[in-house]
1. Once you order the gyration tensor axes a ≥ b ≥ c over the Cα atoms, which shape class does the range 48-145 get: rounded for a/c under 1.5, otherwise prolate or oblate by comparing a/b with b/c?
2. Using modelled backbone amide H atoms (1.01 Å from N, in-plane), which distant-in-sequence or interchain residues come within less than 5 Å of Val130's amide H?
3. Longer than 24 Å from Cα to Cα, which of Lys186/Lys243; Lys132/Lys243; Lys186/Lys235; Lys132/Lys155; Lys155/Lys220 are they? Say none if no pair is.
4. If you take the square roots of the eigenvalues of the alpha-carbon gyration tensor of the range 22-97 and sort them as a ≥ b ≥ c, do you get rounded (a/c under 1.5), prolate (a/b over b/c) or oblate?
5. In whole Hz, with x marking every Gly and Pro, tabulate ³J(HN,Hα) for the range 37-53 from phi via Karplus 6.51 cos²θ - 1.76 cosθ + 1.60, θ = phi - 60°.
6. What are the ³J(HN,Hα) couplings of the range 151-157, residue after residue, when phi is run through the Karplus curve with 6.51, -1.76, 1.60 and θ = phi - 60°? Round to Hz, x for glycine and proline.
7. Among 105-115, 203-213, 85-95, how do they line up by average Cβ neighbours within 10 Å per residue, starting with the highest?
8. Quick one: what are the phi-derived ³J(HN,Hα) couplings along the range 57-74, Karplus 6.51/-1.76/1.60 with θ = phi - 60°, whole Hz, x for glycine and proline?
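What follows draws every value from the coordinates through simple rules; no lab data is involved. Just so it is clear, the structure is predicted and the values come from calculations on it, not from any experiment. No Cβ is skipped: glycine too gets one built from the backbone with ideal geometry, and neighbour counts run over all protein chains shown.
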Amino acid sequence: MTSSPAVDSAFQTGQAAVRACGERAGTGRCRLVVVDDHVVTRSGFVELFSSHAEFEVVGEAGDVRAAETLIASVRPDLVVLDLRLGTEQGLDLLSALTRATTGPRVLVVSMLEELVFGRVAFELGARGYVTKRADALDVVAAAGAVWRGALAVPKRLQADFVGTAGVGPGRVAGQQRPALASGARKLLSALATGEPLERLADSLGVSLATLYTQLYRIRKRLGFETLAQLRTYAKLHADYVAKRESPGMPDPSSARGITG
């Protein structure tokens, strides 16, 4: 395994983070659960974290129900979570875990596209997002950062992580997602239905060219690279984030964001 100065620095930061948090907790170890439906991948993560004395792997699970039962039983400090759990969505488990005020912090480690799924994960309250293509040391560093209360932010999302560092419903790491006019919000909701654009234009009473222009402006405003990303985000946001948003819902505790 090769490493770069940047990775070595991130690794050292992560190690310092878990040591500092362990000292504050009085145990010296971060108790974590690994949730991934692939046995080989899950075993690899268990071995990775078990090889670092600062971590204590207190359980592993391969589906949502088993994970919920396990987490309720062992009450870990950190959950390392995949977003694709067989036929189930890890976002369901993430939403449930972050809804609880005393729930564990969550680090998402997934093969799914970070530009879309990472944003939704942070909006639901995840504290970090790492792609499975990342170096093992980056995963360790991200876990340490999340455990200490910071954020592990993938490079493609760094521009979203500016200002204060709160995460949760309607936010991406402390910065409120750029406000959309009511018409644009309605269009985003309509896009989430999956209707073909020609039919969507007809139902909205606009030309297809006008619809493309409006969607282009929304896509640029929200920072997505393609229309497919915008459509996927719209659907996930409607299914998960919008259902949790309410005027009276408090924001989770803030933490200083870092890049990972």
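1. Taking the square roots of the gyration eigenvalues as a ≥ b ≥ c, the range 48-145 is rounded.
2. Answer set, sorted by chain and number: Val108, Val109, Ser110.
3. Lys132/Lys243
4. Details: a/c = 2.50, a/b = 1.51, b/c = 1.66.
It comes out oblate by the Cα gyration axes.
5. 3J(HN,Hα) across the range 37-53, in whole Hz: 7, 8, 4, 5, 5, 4, 4, x, 5, 4, 5, 4, 6, 5, 7, 10, 4.
6. 10, 9, 10, x, 4, 5, 10
7. Values: 105-115: 21.1, 203-213: 12.5, 85-95: 18.7.
Descending packing order for the listed peptides: 105-115, 85-95, 203-213.
8. Karplus-based 3J(HN,Hα) across the range 57-74 equals 7, 9, x, 8, 8, x, 8, 5, 4, 4, 5, 4, 5, 5, 5, 5, 7, 9 Hz.
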